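Bear in mind these aren't lab numbers, they're just calculated from the coordinates by the rules spelled out. Bear in mind the structure is a predicted one, so any value in this text is a computation, not a measurement. Cβ atoms come from the backbone with ideal geometry, glycine included; neighbour counts cover every protein chain shown.
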Amino acid sequence: DISVAALKSADEVFITSTAGGIMPVTMIDGAPVADGKVGAITERLMRLYWQKHEDPAWSSAVRYG
């Protein structure tokens, strides 16, 4: 587990999921994380995630129904 205090004092915070990719967290309890902007590492991870997501070598379609 990560404490709320640790998150509030972090330089960057993001959450991730298989469906949503990398999602920046810029506010916690109404207070900004660091400067309240998406950090450079999070931006890079977001970009790389979606590049891989769109590359057929790294993903495959899931057919529903």
Loop chymotrypsin sites (Phe, Trp or Tyr not before Pro), the chain (other Cβ atoms within 10 Å of the site Cβ: 10 or fewer; DSSP): TRP58, TYR64
Label corresponding to Kirkwood radius over Cα pairs in Å when calculated from the structure given, among [x] 15.9; [y] 12.2; [z] 13.4: [z]
Calculated from backbone phi, Karplus (6.51, -1.76, 1.60) coupling profile of the stretch 56-65 in Hz, x at Gly/Pro: x, 5, 10, 8, 9, 5, 10, 8, 9, x
Relative exposure of ARG47, ARG63, judged by other C-beta atoms within 10 Å (fewest first): ARG63, ARG47
ILE28 long-range amide H proximity, modeled H, under 5 Å: VAL33
Residue exposure sequence - THR26, THR42, THR18 - by fewest surrounding Cβ within 10 Å: THR18, THR26, THR42
Top positive-direction residue, dipole computed over the chain with Cβ charges, set THR26, SER59, SER3: SER59
Cβ-based exposure ranking for VAL4, VAL38, VAL33, in which fewest neighbours within 10 Å come first: VAL4, VAL38, VAL33
Student exercise, the chain dipole from Lys, Arg, Asp, Glu Cβ charges, in Debye to nearest 20: 220
Relative contact order computed over the chain (Cα-Cα under 8 Å; 6+ residues apart), in percent: 26
For the stretch 31-37, 3J(HN,Hα) per residue [Karplus equation, 6.51 cos²θ - 1.76 cosθ + 1.60, θ = phi - 60°, Hz, x = Gly/Pro]: 10, x, 7, 6, 8, x, 10
0 to 90° range, to nearest 10: angle between helix 40-54 axis and the chain longest Cα axis: 10
